[in-house]
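First the structure, in the form of structure tokens, and then the observations on it.
Please treat every number below as a calculation from the coordinates, not as lab data. Since the model is a prediction, treat every value here as computed from it, not as a measurement. Neighbour counts are summed over all protein chains in view; Cβ atoms, including those assigned to glycine, are modelled from backbone coordinates with ideal geometry.
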Amino acid sequence: MIKFQVNGVSRQFDGDPEMPLLWYLRDEIELTGTKYGCGEGLCGACTVHVNGAAVRSCQTPMSSLAGKAVTTIEGLSATGNHPVQQAWRQVNAPQCGYCQTGQIMQAVALLKQKPKPTDADIDAAMRGNICRCGTYQRIREAIKLAATKPAAKAPAAKPAKTTGGAE
């Protein structure tokens, strides 16, 4: 039994330990924001975070996830308003949009490591994420814009309701 978290929710997996994380996300728990691109870890469409690091989910076996935390595009922000997502919309970065979830997840990981990246930093970090539409200039612009915004914060936990007693 493999125990881990996906977007803050505890999960257990008792299937094939070599099954790629991508198929678990898409087929088992229906988080379809993570896309299948090449299946070889070369295009970046399937990028998610494992313990905060960008990884290719098509090449990440379930056996490697014990005790770890996975974040998908759905887990960045409940409302889709993570600073990188906002910047993506503001500069109209996507064209067809297929690669964009992987691009965004890679960009978030970059900004976590380098909050004020240079063009060279952006190019190096994003090199493995392919955009068939060629929107690389807008992607770079969105990353630079997101770097000027405050980092996204997790929503505060709501206080537990109390029951009973004289309230």
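Counting Lys and Arg as +1 and Asp and Glu as -1 over every other residue whose Cβ lies under 14 Å from the Cβ of residue 88, the net charge comes to +4.
Please report 23, 88 as a ranked list, fewest other C-beta atoms within 10 angstrom at the top and most at the bottom.
Working: 23 15, 88 26.
Least crowded to most crowded, the residues run 23, 88.
This structure gives Rg/Rh (Cα atoms, Kirkwood Rh), computed directly, and of (i) 1.03; (ii) 1.00; (iii) 1.41 that value is listed as (i).
Grouping the Cα pair distances of the range 2-75 into 10 Å bins from zero gives a pair-distance distribution of 22, 62, 16 percent in increasing distance order.
Quick one: if the Förster radius is 25 Å, what FRET efficiency do residue 136 and residue 36 give, using the C-beta to C-beta distance and rounding to 0.05?
The computed FRET efficiency comes out at 0.70.
Here the chain is treated with +1 on each Lys and Arg Cβ and -1 on each Asp and Glu Cβ, and its dipole about the Cα centre works out to around 660 debye. For the range 83-147, relative contact order (Cα pairs under 8 Å, six or more residues apart, normalised by length) works out to 53 percent.
Along the axis of the charge dipole computed for the chain (Cβ charges of +1 for Lys and Arg, -1 for Asp and Glu, origin at the Cα centre), the listed residues 65, 31, 49 are led at the positive end by 49.
222 nm [θ] for the chain, helices only, -39500 (n - 2.57) per DSSP H run of 4+, per residue, to 500?
Dividing the helical sum by the residues of the chain leaves -8000 deg cm²/dmol.
Using Cβ contacts closer than 10 Å as the measure, can you line up 32, 79, 101, 60 from fewest to most?
Taking fewest neighbouring Cβ atoms as first place, the list is 79, 32, 60, 101.
Here the peptides 104-110, 70-76 are ranked by packing, the mean other Cβ count within 10 Å, and the order with the highest first is 104-110, 70-76.
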